[in-house]
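Student: Below are the structure tokens for one structure; questions will follow.
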Amino acid sequence: MLENLAEYGYWGLLLASFLAATILPFSSEVVFSALIAAGLDMWTLIIYATIGNAAGGSTCYYLGRLGKVEWLERWFKIKPESIDKAVGRLQGKGALMGFFGFLPAVGDLVLVALGFMRANTTMVMISMTIGKLLRYILIGYGTGEIIKWF
């Protein structure tokens, strides 16, 4: 399936990046690297990959927002004071944890947790997008350097 998405160029990468940032087990790096190797413009690929990945990360955040804090109290026996304290931290600078949304597997959980705790949406989206952008820049330059060896 991955090779089929690469056939669609930038739009295939956008879809692959979106799917990779959701809770689905998918990797956009293969499509991204294949398109760099095929000679497509790296900065355009970075932009498409970042947009797709940020949109997918946003779905994780908003999926978390569907949750209810009362569920934590009832099902996990977490005290309301502990929940209030965690929510307070995430409303402020904790929203910057969205930066780590680029991490494989753990990043999705971070974004879902930030949504669940109602972290500042604007801060989460900005920090998440910056993290994802930097990730694709590093992957792009790394792939470019590896291709030069051949």
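Student: Using the 2.2 N^0.38 Å rule of thumb for compact globular proteins, work out how the chain stacks up: its C-alpha Rg over that value, please. It would help to have the intermediate numbers written out before the result.
Tutor: Values: Rg = 17.4 Å, N = 150, 2.2 N^0.38 = 14.8 Å.
Dividing the Cα Rg of the chain by 2.2 N^0.38 Å gives 1.18.
Student: Lysines within cross-link reach of Lys68: Cα-Cα under 18 Å, excluding same-chain residues under 8 positions apart?
Tutor: Cα-Cα hits under 18 Å: Lys77, Lys79, Lys85.
Student: At a threshold of 8 angstrom on Cα-Cα distance, excluding pairs fewer than six apart, so keeping six or more, what relative contact order does the chain reach in percent? Walk me through the numbers on the way to the answer.
Tutor: On the way: 219 pairs, mean separation 39.3, N = 150.
Taking the mean separation of contacting Cα pairs over the length of the chain, I get 26 percent.
Student: Pop the C-beta distance of Ala37 and Ile126 into the FRET formula with R0 = 30 Å and round what comes out to the nearest 0.05.
Tutor: On the way: r = 31 Å, r/R0 = 1.05.
The calculated FRET efficiency here is 0.45.
Student: Something else now. Convert 10 °C to kelvin, take the viscosity as 1.306 mPa s, use the Kirkwood radius over C-alpha pairs of the stretch 14-66 as Rh, and evaluate the Stokes-Einstein diffusion coefficient in µm²/s, rounded to a whole number. Display every interim value, and only then the final one.
Tutor: Values: Rh = 11.2 Å.
For these conditions, the coefficient is 141 µm²/s.
Student: So how strong a dipole does the stretch 2-148 carry about its Cα centre when Lys and Arg Cβ are +1 and Asp and Glu Cβ are -1, to the nearest 20 debye?
Tutor: 680 debye
Student: A follow-up question, please. Between Ser27 and Leu66, what's the calculated FRET efficiency when r is the beta-carbon distance and R0 is 30 Å? Round to 0.05. Before the final figure, lay out each step's value.
Tutor: Numbers: r = 26 Å, r/R0 = 0.86.
So, using R0 = 30 Å, E works out to roughly 0.70.
Student: Could you check the simple spin-label distance between Leu138 and Arg74, using points 7 Å along Cα→Cβ, in nm with one decimal?
Tutor: In this crude spin-label approximation the distance works out to 4.1 nm.
Every read-out reported here was derived from the displayed coordinates using simple, explicitly stated rules and does not represent laboratory data. Quick caveat: nothing in here was measured; it's all calculated off a predicted structure. A quick note on method: Cβ atoms are made from the backbone with ideal geometry, for glycine too, and the neighbour counts reach across all protein chains shown.
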